[in-house]
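In what follows, a structure is listed as structure tokens, so that the remarks can point back to it.
The values are calculated or read from the model by the stated rules, or taken from the named source; none is laboratory data. Note that the structure is a prediction, hence the values are computed from the model and not measured. All Cβ positions, glycine included, derive from the backbone under ideal geometry; neighbour counts span all protein chains shown. Protein only, heavy atoms only, side chains kept; ligands, DNA and RNA dropped before computing areas. Shrake-Rupley method; radii C 1.70, N 1.55, O 1.52, S 1.80 Å.
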Amino acid sequence: MPFSIVESQARIDLAAAFRWAARWDMHESIANHFSVAVSPDGRQFLLNPQGSHFSRIQASDLLLLDSSNAAAQKAANAPDPTAWHLHAVLHQQLPHARCILHTHMPYATSLCCLQDFEFLMLDQNACRFHQRIAYDRDYAGMALDPSEGARVAGLMQGSKNVLFMGNHGVLVVGPTVAQALDTLYYLEKAAKLQVLALSTGRPLALIPEPLAALACAQWNDYPTAFSELHFKALKNILDLEEMDYKK
Ligand SMILES: [Zn+2]
């Protein structure tokens, strides 16, 4: 049966996100997961299959799952259990989480491993994340318990679109693949800068709170569809260099 227009576009967009996450060195062997909702209520969503490398994922490879169908965990092409417990619940419980990206990208994850760390308002890119980051400081092993998704959803209420998972990695959510991927990209850029600045041991020139709030609002109100333009440019490169992501 052919995919609907909505599902087809979601498949292409998510495949593009995997390819770029690999190009940006945000991937880790065949682990980590990206998903995007394809039904209005978020119950149906696309997820990467087990055993696939981000750099080779194609649109048609993605699993179409229904979070109300627990039998999916026992099917022949069952999703990774940790991905199921997190993504299925988050898509159901967080309306703003249409796209969910989870990685162990090195710079942001480094910051997740610092005791009581809070993201610093250190540069203009960091200000995108002013009061947008939730922190889970209670690392409890892998997310193999069905209650894990609800616990994480409880941490990401309101305007929070990033979760720092202590001793583990990050989770980013967005209303579209374009916006979530743009957020992931800028999070790692800002995190890299913070790791580099902290490594100098010199005093940090932090942006004052009101100015950080202003810069965040300016990012949000920026008069172009920045994320969409960024994503379009990224897909244009893939169209030239690795067109098979669309298959
Ligand atoms: Zn993980």
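Here are a few things to note about the model shown:
- Breaking point among (1) free of Cβ contacts under 8 Å to residues at least 24 places away in the same chain; (2) closer than 30 Å to L198 by Cβ, for N161: (1)
- Checking each residue in segment 30-50 for being polar (S, T, N, Q), free of Cβ contacts under 8 Å to residues at least 24 places away in the same chain and open to solvent by 30 Å² or more (accessible area, probe 1.4 Å) picks out only Q44.
- Which numbered condition P223 misses (of (1) modelled with pLDDT under 95; (2) within 15 Å of T183 (Cα to Cα)): (2)
- Y107 meets all of the listed conditions (1) of a type in the set (F, W, Y); (2) part of a helix (DSSP H, G or I); (3) open to solvent by less than 30 Å² (accessible area, probe 1.4 Å) but one, namely (3).
- Residue in segment 219-228 that is polar (S, T, N, Q), open to solvent by 70 Å² or more (accessible area, probe 1.4 Å) and over 16 Å from R128 (Cβ atoms) present: no
- The number of residues in segment 213-241 that are small (G, A, S) and touching a residue at least 40 places away in the same chain (Cβ under 8 Å) comes to 3.
- Helices (runs of 4 or more DSSP H) contained in segment 128-229 and holding at least 2 residues within 16 Å of the ligand (Cβ to nearest atom) and not aliphatic (A, V, I, L, M): 148-155
- Failed item in (1) touching a Cys at 6+ places or on another chain (Cβ under 6 Å); (2) farther than 25 Å from G169 by Cβ, with V36 passing the rest: (2)
- Checklist (1) open to solvent by less than 10 Å² (accessible area, probe 1.4 Å); (2) within 16 Å of the ligand (Cβ to nearest atom); (3) modelled with pLDDT under 95 applied to A97, failing item: (2)
- Test: N32 is within 30 Å of I237 (Cβ to Cβ), at pLDDT 95 or above and within 16 Å of the ligand (Cβ to nearest atom): no
- Residue list for segment 188-204, restricted to those being open to solvent by 80 Å² or more (accessible area, probe 1.4 Å) and without any contact (Cβ under 8 Å) to a residue 24 or more places away in the chain: L196, S199, T200, R202, P203
- Within segment 76-94, being more than 16 Å from the ligand (Cβ to nearest atom) and open to solvent by 40 Å² or more (accessible area, probe 1.4 Å) holds for A76, N77, Q92, Q93.
Residue-by-condition table, conditions (1) surrounded by 15 or more Cβ atoms within 10 Å (Cβ to Cβ); (2) modelled with pLDDT of 95 or more:
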{"residue": "L120", "(1), (2)": "yes, yes"}
{"residue": "C127", "(1), (2)": "yes, yes"}
{"residue": "Y135", "(1), (2)": "yes, yes"}
{"residue": "G141", "(1), (2)": "no, no"}
{"residue": "L144", "(1), (2)": "no, no"}
{"residue": "S147", "(1), (2)": "no, no"}
{"residue": "R151", "(1), (2)": "yes, no"}
